[in-house]
1. List the lysines whose alpha-carbon lies under 16 Å from that of residue 454, not counting same-chain residues fewer than 8 positions away?
2. Please work out the average accessible area per residue across the stretch 219-292, using the 1.4 Å probe convention, and give it in Å².
3. Using a probe radius of 1.4 Å on heavy atoms only, what accessible surface per residue do you get for the stretch 346-423? Whole Å² is fine.
4. Going down the list 305/337; 61/248; 366/517; 360/508; 247/344, which pairs span over 22 Å between their C-alpha atoms?
5. By accessible area of protein heavy atoms, probe 1.4 Å, what ranking do 449, 352 get, highest first?
6. At 1.4 Å probe size, put 387, 429 in order of accessible surface, largest to smallest.
7. Based on Cα positions only, what radius of gyration and what Dmax would you give for the stretch 426-550, in angstroms?
8. For residue 508, what accessible surface area do you get with a 1.4 Å probe? Give it in Å², rounded to 10.
Amino acid sequence: MVFNWFRRKFDRSGSQEEEEQTSANQDAATVEDEETAEEEATESDSSPEASPQEDYLAWAKAAYQNIQQQQGTTITTDAPELESQVQPEPEPVAETPVEPEPEPEPVTETPVEPEPEPEPEPVAETPVEPEPEPKPEPVAETPVEPEPEPQPEPVAETPVEPEPEPEPEPEPQTETVPAWMKASEERQERLERLKAEAVETPVEPEPEPEPEPALSFDENFVWSAEVLAAQGRKPEDISIEEITWLKKLRQGLGKTRLGLINQLKAIVGQGPLNKDAVFEIEALLLQADVGIEATDFVIETLQQKLRDETLPPEEAIAYLKQILRDLLDKPYENGYKPDFIPEKDQFNIWLMTGVNGAGKTTTIGKLAHLAQKSDYRCLIAAADTFRAAAVEQVKIWGQRSNTDVIANPGKNTDPAAVVFDAITAATARNTELLLVDTAGRLQNKKNLMEELSKIRRIIDKKAPNAQIESLLVLDATLGQNGLRQAEVFAEAAQLSGVVLTKLDGSAKGGVALAVVKQLGLPIRFIGAGEGIEDLRPFSSYEFVEALLNG
Ligand SMILES: Nc1nc2c(ncn2[C@@H]2O[C@H](COP(=O)(O)OP(=O)(O)OP(=O)(O)O)[C@@H](O)[C@H]2O)c(=O)[nH]1
């Protein structure tokens, strides 16, 4: 079954929460009437005072059964066992946190791939032979690396390093680089890119778009179901992809949430905020990289409310959530359209900008995959010609997402020329979404502006009727530093919004609020992992729930 993420329904305002909750309760009751009469469900049905939590639980069960049916009952976990798991409040979730798969990544070997096919085979050979076969030279094949050293895979992000092998330093690699490679900066960059690539390839062997992997009726499932129910969704409309994503989002924001929620609960709900409380909240928010402007705004708004009314902690937190959602949705009041969906049967061009390393290429691959899955005709333009390696990297993601890539094989080609070619190809193929990779590392703002505006000119001339959007890709782990870089892009490109990447495992999830407050841009997509499925459209409701709900 194809699930269209672009057209997925979700509540943006969160303002209908109560209304939706009632409707969720009704839905749950209806399904229970029709479906198997589980004791629990019957209880909540018959009790006119069923707590919202019980209702959500019933709703979650109905959704769970529905997904089971969709999947031909491949899921094993028994619902009864669930009761015991779900009753406890979401508090202790803390353990589940982050690192969805602390795989040790057998990165080292892969880098040499000249054309790392999306197929898992190349990696399959390399890994440590399970059986010490009597074969003569099992190891001999792997080391045939032509150029870069077996290398230390410094890949800063993945601190997983299985075994610090004999070569611990990231430096030695510089020494061992052949002289010809040191010769030019371009070569150095190429080497860097190969290393970066090494991180991605191993992701391959993971089960990718598999829909069935981790579905069990556990606390995460119930949490996800509650989030969906609160947005007015019906149990029969829920897709396993949504549950999988919400779980990932919640786990990804685990670190940030842990740093916030318990302390906040303890502080708010004690009446008007005194000086100490203000300091504490300020420190908590700044620690989560919410930024000064957004932090001030949040505290002021909260303080105002708490001066007017005495709220118990739960209500104070609910109000705080509302403040955060309003802040995240603010750009829609300032001219940015709330829906960010490529128009079907029209030509849409999305320019992807951002500094190298922010996750631009990965995002393009994930977006292409999302577009393919949502039934769009998609094409990628490899217009980051500033770094030769970037083109190869985009091509790999093109293969992974089954999307053609238009590139110019020449060196130092004009990016605008690549865009020109890509538009020609897109027009001939009746493409609906053209994703354009652009250079992130130009020497200065002037160059960047010139290049982006040249690309825009070409697009305007060659595709005057296209719907053009410009997205800035930002690395959440950089927090405030990333924002500084972003300001340059915000000036250079007429941005339509931001893609926030690497939210998984970052304790700086609050940077989303800083992005919106400081740049005035809406967040359009968020990335919470390196896999092709790990990027989804942004929902302020779901984000805030993942940030502050147990
Ligand atoms: N954990 C995590 N890693 C990510 C995410 N998005 C991207 N990455 C990783 O970030 C690293 C850099 O990603 P790229 O897509 O190459 O970034 P880029 O430099 O902007 O792309 P180029 O301009 O082609 O260099 C890679 O190792 C990605 O796997 C994410 O959401 N979560």
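The values are calculated or read from the model by the stated rules, or taken from the named source; none is laboratory data. Remember, it's a predicted structure, so these values are computed and weren't measured experimentally. In case anyone asks, the SASA skips ligands and DNA or RNA and just uses the protein heavy atoms, side chains included. Shrake-Rupley method; radii C 1.70, N 1.55, O 1.52, S 1.80 Å.
1. Output for residue 454: 445, 446, 462.
2. Numbers: 2590 Å² over 74 residues.
Ligands and nucleic acids excluded, the figure is 35 Å² per residue.
3. On the way: 2350 Å² over 78 residues.
Result: 30 Å² per residue.
4. Working: 305/337 29 Å; 61/248 20 Å; 366/517 26 Å; 360/508 19 Å; 247/344 29 Å.
Beyond 22 Å: 305/337; 366/517; 247/344.
5. Details: 449 65, 352 0 Å².
From most exposed to least exposed: 449, 352.
6. Result, largest first: 429, 387.
7. According to the Cα coordinates of the stretch 426-550, Rg and Dmax are 16.0, 51 Å.
8. The accessible area comes out at roughly 70 Å².
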